[in-house]
Structure formats: C-alpha cells, structure tokens
Amino acid sequence: LAAQRVELKRTSNTAGKVEVLLRTGKLEMILGHFRQAEKSYVDAIAVQSELRRDERDFWLIPHVQLAMLYQLEERFGRAERILDDGFADIEQTRAVLAEHNAGLGMHADDLRVVAFTTMTLFQMKAWTYFGQGRFDEARRVAREVLAYLETERTLTSPTITDVRILLGRIEDSTDPGSSAARRHFQTAVERDLSSDLMRAIAQFEFARHLLLTGNDVAAE
C-alpha cells in the first residue's frame, strides 16, 4: 500500500493514475480501511473524467469498484446511484466512439469493450437490486446480462458463472429450494471454462441450495 501511494505521487500519466488509484482502493478494502478505499475510488472516477473518452482504458471501471464497496457495507442506495452515474458516463463514451467510428471507420474494438463494460454495470445493478429485495428487477436485469454474455463468450466465463449464481439466489429467495434455482446452480458448477474460484463459489451456493431442500447429505 505504501508503494502504491509512492507510485501515485510519481505518476504523471492520467490514465496511469486511475489504475494506481484502483489498486490502492483494492488494497485498502483488503485491510478493512473502507473510508480510505472509498476516497481512492472517488478520486479514480474524478481522474478518469479528465481523460478524453477515446483515450480511456475501458477495462478500468471505478464506478463498479465503488459500488462493490457500498454493497459490502449494505449501502445499496448509494451503490445504485453510483452505478447510474457509471451508466451515464459510459453512454456518453459510447456516443463519442460511435461518432468516431462512423466518420473514420475506427474504434470498433473499443465499442465492443464499451458494450461489455455496460453489461458489467448491469451485472452489479442486478446484485444491488437483489440486496434491496427487488427480486423481479434483479431477475430481469440478470437475464439480460446472461443473454448477452452467452452470445459474447470472450473473457466472460467467470462472469457467466456469477450471473448464474445470482439467478439461483433470486429463485431461492422467491421460491426456496426450487427446481429453477437448482438448474442455475448446477449449470454454474458444471461450467468447464470458469475459474477455479468461481467454480468453488458455485459449489458453495449449490450446497446452500441443497440445504434448503433438506438434502443435507448431498450438501455436505
């Protein structure tokens, strides 16, 4: 963390500062310094706003990191508001890149990344709705994200697993132990292309689902 703070002071490149601030915020969250992490993420959003939209690294999404922090603290209203800000920001970026693409025949890859970034914001929005108990809205948004990710499979396998887990959690919240929830969890567990971590999380969630059905042996 001290090294990241030194690097931040030495970094003159604006895009580089965003990355360092996000790394700093992540470390502060790990240490439990939530208010310092919040400041790092807010600063990252402010620094990113200084960049031209066609110069941004679209894989860096400070709004998502800040919303994740608020979700951990169960401050779901604030998470929703910051995600709405992220949607507005990415939409302006998409419009600028679309104009460039139409006029110069470039930025097609950037437009694709912007679309994926938008789905990441939607994914976080669905989890926020879930945390608020707004299950119908969470289900609708999660299904839209899943439909997109199942079509655009590049670099999305762990994300698909996460959305499947969310859909299973939603179904168990509205109909505990339902067959619909079971299908989502089974699919999440069986995904070959997901990361080891996401498969482990999926197995944990499937076990929790099995407990709801009274199948303690299978859960164990």
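The values are calculated or read from the model by the stated rules, or taken from the named source; none is laboratory data. This one's a predicted model, so the numbers in the text were calculated from it and none came from an experiment. Counting neighbours? That spans all protein chains shown, and the Cβs are built from the backbone with ideal geometry, glycine included. In case anyone asks, the SASA skips ligands and DNA or RNA and just uses the protein heavy atoms, side chains included. Shrake-Rupley method; radii C 1.70, N 1.55, O 1.52, S 1.80 Å.
Mind checking which residues of segment 39-73 are over 17 Å from F122 (Cβ atoms) and among the hydroxyl-bearing types (S, T, Y)? Within segment 39-73, S40, Y41, S49 meet the criteria. Criterion applied to L197, L210 was being touching a helix residue (DSSP H, G or I) at 6+ places or on another chain (Cβ under 9 Å), assigned to a helix (DSSP H, G or I), closer than 23 Å to L121 by Cβ and not basic (K, R), and the one residue passing it is L197.
If only residues of segment 1-22 that are of a type in the set (A, V, I, L, M) and open to solvent by 30 Å² or more (accessible area, probe 1.4 Å) are counted, the one that is modelled with the lowest pLDDT is A15. Of the residues making up segment 16-72, those that are acidic (D, E) and touching a residue at least 40 places away in the same chain (Cβ under 8 Å) are E19, D54, E55, D57.
Summed over segment 138-171, the residues that are surrounded by 16 or more Cβ atoms within 10 Å (Cβ to Cβ), more than 21 Å from A200 (Cα to Cα) and charged (D, E, K, R) give a count of 1. Within the option set T151, T128, T120, T174, being more than 25 Å from Q71 (Cα to Cα) and among the β-branched types (V, I, T) holds for one residue only, T151. Output the residue which, of all residues in segment 192-220 that are surrounded by 16 or more Cβ atoms within 10 Å (Cβ to Cβ) and over 19 Å from the mean Cα position of the chain (by Cα), is farthest from T161 (Cα to Cα). Checked segment 192-220; the qualifying residue farthest from T161 (Cα to Cα) is T213.
Can you spot a residue in segment 172-189 that is in contact (Cβ under 8 Å) with a residue 12 or more places away in the chain and closer than 26 Å to R81 by Cα? Yes, the conditions are met somewhere in segment 172-189.
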